[in-house]
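Input: a single structure, listed below in structure tokens.
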Amino acid sequence: MNLILFTFIVLLGFTSYYFGRKKAYTIQSTKKRLTALPQFYGYYLAIWCAIPAFIIFSLWAIFEPTIVKLLVLSDYSNQGYLDDELNLIYEKTKALSRGQFTGEITPFIEASAEKYLSLRSIAQSSKVVIVLSAIIASVAYAYKRISSNSRTREPVEKFLNAVLFTASLAAILTTVGIVFSLIFQTIDFFKVIPLFDFVFGTHWYPAKAFVRDSSEALDPSMYSDTFGAVPIFAGTFFIAFIAMCVAIPIGLMSGIYLAEYASYKVRQYAKPLIEILAGIPTVVYGFFAALTVGPFLKELGTSMGLEVSAESALAAGGVMGIMIIPFISSLSDDVITSVPQSLRDGSYAMGATKSETIKRVIFPAALPGIVGSILLGVSRAIGETMIVVMASGLAANLTLNPLESTSTITAQIVVILIGDQAFGDPKTQAAFALGMSLFLVTLCLNIVALRVVKKYREKYE
Amino acid sequence: MIKIKAKDVDVFYGKKQALFNISLDIEENQVTALIGPSGCGKSTFLRCLNRMNDVIDICSVKGEILINDFNINDKSCDVVRLREKIGMVFQKPNPFPKTLYENVSYGPTIHGIAQSKQEMDEIVETSLKKAALWEEVKDRLHEPGTGLSGGQQQRLCIARAISVRPEVILMDEPCSALDPIATAQIEELIDELKKEHTIIIVTHSMAQAARVSQNTGFFHLGQLIEHGSTDKIFKNPDNKKTQDYITGRFG
């Protein structure tokens, strides 16, 4: 029903566009000069058609369920039911009206279900009537207003402005929403686990929290030495460090090659090929790390007499580094290419060779942008999950040996939230606390990176 | 005395020929101006003289250019040494995003000219003095060169070019981005510099060519129409096209 109504409104919108434009043409044919191009008159009318429909639709969607519920439950008032019981009755009523109710049917509920159905159908048809009449009224009003000197361009432009603003607002609100969803659970977590223990504790063993029977009362003392985040923070930064050791030199050198040395033809093919690396799903990198690189490193290490874990930080970090190469190479290529040619010419004309020019003029000029690209790469490395889960193991060892397995923030969040979870349990809330700290770390990195990149931009404008 | 001798120089951008059969002699310690309408090939010719066209992939140069009787288009020519001897100043001031000091010391550093910090300081000071910039910047040698005004930036670029004591300085419309006062300063400077350097200047301003140069070459559609002493070209040219261009009838 809603779909039909919606299609109808869209059709009406198109028709009113057509009529608006037609009226504009008619005015034009009387040798009067219009204040805007004819299609603005069309858009103007179409907007007048769409806005009231949209507003009524949204209001209806918000208020209809509440009002119907109130009306249905009004029969049960003064009977001493609790809120929870009333809710249950309402759910039963709805289920019955859909024919999905399997329990005992009392006459009371049956009557309610009938009432519910009739209310719904009344609501539906009145919605159709109200929406359509609103559209007709507003379109008629707008149509009458259109004359040779009526302003249509400004309202249309304003409307577009508002639509675009709403779109960007949606993105911002989502971010805010994510932060809020993390914040409350995080606060709950820190009510049980002291912040100090979390930040400075060196023992991370959330499985210990599994043992608790949920009916038992919460006893904070049993969590001591369970949620010390130092090992996983260390693991996160350690693996990110290994990744950057791979990604920075290779990415940077390939970026310099692409920007300065590669001929147009080579660049045309090589750049997309390198960027393919960025398109590979991280789970595939995870495979590669866990099934190819990990065992290979173990064998190599064993043949050299070293003790190498099959799930080593080195394997995960190395493969993660490969994943980040295209970010650094592509961004630094862009930054280097945007260094003005006049600087290169100036250096060559002084008799500098290509490598001298790059080292002494281009690299320093592009450095802020390159640092920005590296910081973006670091925040990717810290946020990367799948490779670590698959290749580096889940035991949170506090170690700086790249051949042992370690774990990261992201991997621990996965471990904690996989399978059955009890909400309101410190173990689950730990994931939110970790998510929050991860968010903060990457946020800071991104802010720094954007600052640096912005500083670079100012230089050449 | 003849410093540079160009013989039958052809330049191609891909398949398109940009210069046809240019033969031109350039006198030592004089200013030679190259004039002509936009796209006539005068800048292209200038860039042949220090092999800057090598930077452009599709560009190829044929013919002989003798500097001190040595053909710079020969395979045995070392481009790094060549460009040490032949400096260049560009149309738009292009100081490096480094300090003033580093801008001027750039050439001496890459050519290993200065043996000590003291020697480098001297080179920087003399170069800036010769470029008539020393008095204005001596207190802020370690501030970025990009912070100067346009005219100062261009004089900084000249200081950078003369820091390696080149025999020839090529100038590609060095004043086209500058205001009249800065232009006058640069022109004065050119007059001073010709005592020690041979200067070739590409310019769009006929008045400038007349003011600063002793010799002038007129380019049109990739050909050198006429060349000779500036007096003769401006007062009594042989070719009608030159006459028309100089009197402003086309171009």
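Nothing in this text is a laboratory measurement; each read-out follows from the coordinates by a stated rule. Everything numeric in this text was worked out from a predicted model, so none of it was measured. Note: ideal-geometry Cβ built from the backbone for every residue, glycine included; neighbour counts use all protein chains shown.
Reported to two decimal places, what Rg/Rh ratio describes the range A:2-151 when computed on Cα atoms with Rh from the Kirkwood expression?
That ratio equals 1.25.
Which whole-number percent is the relative contact order of the range A:223-459 (Cα, under 8 Å, 6+ apart)?
Once normalised by length, the contact order is 29 percent.
Dividing the Cα radius of gyration by the Kirkwood radius, what Rg/Rh value follows for chain B?
0.97
Binned at 10 Å from 0, what are the whole-percent values of the Cα-Cα distance distribution for the range A:223-459, short to long?
8, 27, 29, 21, 11, 3, 1, 0
After finding the eigenvalues of the alpha carbon gyration tensor for the range B:1-127, what semi-axes result from the square roots of 5 times each, listed largest first in whole Å?
30, 17, 15
Would you work out which of B:Val168, B:Ser43, B:Val202 lies farthest towards the positive end of the dipole of the range B:2-246, given +1 charges on the beta-carbon of Lys and Arg and -1 on that of Asp and Glu, about the Cα centre?
B:Ser43
Just list whichever of B:Lys7/B:Lys129; B:Lys92/B:Lys138; B:Lys85/B:Lys235; A:Lys359/B:Lys16; B:Lys16/B:Lys75 have alpha carbons separated by over 28 Å in the model shown.
Distance filter (> 28 Å) returns B:Lys7/B:Lys129; B:Lys85/B:Lys235; A:Lys359/B:Lys16.
Over chain B, what relative contact order in percent results from Cα pairs under 8 Å that are six or more residues apart?
27 percent
Based on the Cα coordinates of the protein assembly as shown, what is the per residue volume of their convex hull in Å³?
Output value, Cα hull per residue: 298 Å³.
Enumerate the lysines that B:Lys232 could reach by cross-link, defined here as Cα to Cα under 16 Å, with residues fewer than 8 away along the same chain left out.
Reachable lysines: B:Lys240, B:Lys241.
Give the lysines reachable from A:Lys32 as a straight Cα distance under 22 Å; neighbours fewer than 8 places away on the same chain don't count.
Hits, sequence-local ones excluded: A:Lys22, A:Lys23, A:Lys144.
Once label points are set 7 Å from the Cα along Cα→Cβ at both A:Glu110 and A:Phe6, what is their separation, rounded to one decimal in nm?
A separation of 3.7 nm, rounded to one decimal place.
Regarding the range A:310-431, what's the average projected area of the Cα-atom convex hull, expressed in nm²?
10.4 nm²
Shielding by partners for A:341-348, please: the mean number of other protein chain Cβ atoms within 10 Å of each residue's Cβ.
What the average comes to for A:341-348 is 6.
What is the packing order of peptides B:118-127, A:165-174, A:178-187, A:58-67, taking the mean over residues of other C-beta atoms within 10 Å and listing the highest first?
B:118-127, A:178-187, A:58-67, A:165-174
Taking the range B:182-251, which GluC sites (Glu not before Pro) meet the DSSP loop condition and have no more than 16 other C-beta atoms within 10 Å?
Passing sites in the range B:182-251 are B:Glu196.
Can you spot the lysines whose alpha carbon is less than 18 Å from A:Lys69's alpha carbon? Ignore those fewer than 8 places along the same chain.
Within the straight-line cut-off, A:Lys69 pairs with A:Lys92, A:Lys94, A:Lys115, A:Lys127.
Work out which helices of chain A, taken as complete DSSP H runs, extend at least 18 Å along their axis over the Cα atoms and score a mean Kyte-Doolittle of 0.5 or more, then list them.
Helix filter hits for chain A: A:2-29, A:38-73, A:107-145, A:153-192, A:230-256, A:313-337, A:363-383, A:426-459.
Counting pairs of alpha carbon atoms under 8 Å apart in space and at least six apart in sequence, what relative contact order in percent does chain A give?
Across chain A, relative contact order equals 16 percent.
Dipole magnitude of the protein assembly as shown about its Cα centre, charges +1 at Lys/Arg Cβ and -1 at Asp/Glu Cβ only, in debye to the nearest 20?
3220 debye
Using a 10 Å cut-off on Cβ atoms, rank the peptides B:16-27, B:104-115, B:150-161, A:292-303 from the highest mean neighbour count down.
B:150-161, B:104-115, B:16-27, A:292-303
So what are the radius of gyration and Dmax for the Cα set of the range B:137-232, in Å?
Expressed in Å, the Cα Rg and Dmax of the range B:137-232 come to 14.9, 48.
Just name one of B:Ser60, B:Leu178, B:Ala114: the one whose Cα is farthest towards the positive end of the charge dipole of the range B:56-208 (beta-carbon charges, Lys/Arg +1, Asp/Glu -1).
Of the options given, the answer is B:Ser60.
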